[in-house]
1. Quickly run through segment 82-101 and pick out the residues that are aliphatic (A, V, I, L, M) and buried (at least 17 other Cβ atoms within 10 Å of the Cβ).
2. Scan (1) surrounded by 21 or more Cβ atoms within 10 Å (Cβ to Cβ); (2) modelled with pLDDT under 95; (3) not hydroxyl-bearing (Ser, Thr, Tyr) for the single condition Leu209 breaks and write down its number.
3. Does segment 185-198 contain at least one residue that is in the same structural domain as Phe73 (by TED's automatic domain parsing), assigned to a helix (DSSP H, G or I), at pLDDT 95 or above and crowded, with 18+ Cβ neighbours inside 10 Å?
4. Yes or no: Leu125 of a type in the set (A, V, I, L, M), closer than 19 Å to Pro151 by Cα, surrounded by fewer than 17 Cβ atoms within 10 Å (Cβ to Cβ) and out of contact with any Pro (no Cβ under 8 Å at 6 or more places or on another chain)?
5. I'm checking my understanding of the structure. Among residues of segment 110-151 that are of a type in the set (Phe, Trp, Tyr) and outside any strand (DSSP E or B), which one is farthest from Arg205 (Cα to Cα)?
6. Which of (1) within 30 Å of Gly242 (Cβ to Cβ); (2) at pLDDT below 95 is the odd one out, the single condition Arg62 does not satisfy?
Amino acid sequence: MSEARMTQEKLTEEKPSVLHVTRDGAVATVRVDRPKVNAVDPAMIEEFLTTLPPLAADPGVRCIVITGTGRFFVAGADIAVMRDLSTENQAKMRRWIHVQRMIEQTPKPVVAAMNGHALGGGAELALACDLRILSTQATFGFPEIRLGLFPGAGGSQRLPRLVGPHLAKRLIIEGEGLTPQRALELGLVDAVVAQAEFEATVAERARRLAAQPTGAIALLKRVVDEGYGLPLEQALEREEKGVAELIGTADTAEGLQAFLDKRAPVFTGR
């Protein structure tokens, strides 16, 4: 065996997987487990980039849940790694934006199940998801300003689109961790759930999303994403093309027929 291959195998052994995928019917859960705080480093980023595409392409997966382990969802960037200010290292960390864009473009619903603190890069990750559920024992926020930084891996752009530029700038400048109730009031999360009920609630919401017409959801995500920011007339043209594509799907036919039959529809994502 060559020395290079032995070195690579040793590195693989020393860096076990930090993302663990489980399946429950049509729901796939990606659990982040990088002690102690699930901090983001280049290895985690690359693992996300290789883990998510097969789930997005698998027709048997109709909803993806991203969650954490312990007291943290994702704590943000690993500061020990970020201290390396070289262009090469910063480019590796910048690939976190590709993870978020991949989530946004996934043709099925993606849930951020924030079991614990979602800070910095963890909050950025959550903003890219379609549904955000936060535990009552967690906080949500962008503390980067305390390090002389700002959320520069998507947060400075997605946050203003969600809450408006003035409030986004204020939240980033203050750098405070928001309580679950405050995050809910500001529309940063969609639901706040007690820790004792958290996993059961996430599972139920994910199952409900998986039962939806995921083909229609995929088209909706594309139409909204591509139309946002366009002049209204152009956006409406994009919507029209999406509707024309949608009405040719099996799920649309099933939904309309089920309504006439007075029964629950059975969607397949096609």
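1. Across segment 82-101, the qualifying residues are Met82, Met93, Ile97, Val99.
2. (2)
3. Yes: one or more hits.
4. No: the conditions fail for Leu125.
5. Phe150
6. (2)
Each row is one residue, and each column tells you yes or no for (1) modelled with pLDDT under 95; (2) among the hydrophobic types (A, V, I, L, M, F, W, C).
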position	(1), (2)
Lys15	yes, no
Val18	no, yes
Asp24	no, no
Val30	no, yes
Val40	no, yes
Ala43	no, yes
Phe48	no, yes
Ala56	no, yes
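Matching residues to (1) under 20 Å from Leu125 (Cβ atoms); (2) in contact (Cβ under 8 Å) with a residue 12 or more places away in the chain:
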site	(1), (2)
Gly164	no, no
Gly187	yes, yes
Ala194	no, yes
Ala206	yes, yes
Gln212	no, yes
Arg222	no, yes
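The values are calculated or read from the model by the stated rules, or taken from the named source; none is laboratory data. No experiment lies behind these values; they were computed from the predicted model shown. For neighbour counting, all protein chains shown are included, and Cβ atoms are generated from backbone atoms with ideal geometry for every residue, glycine included.
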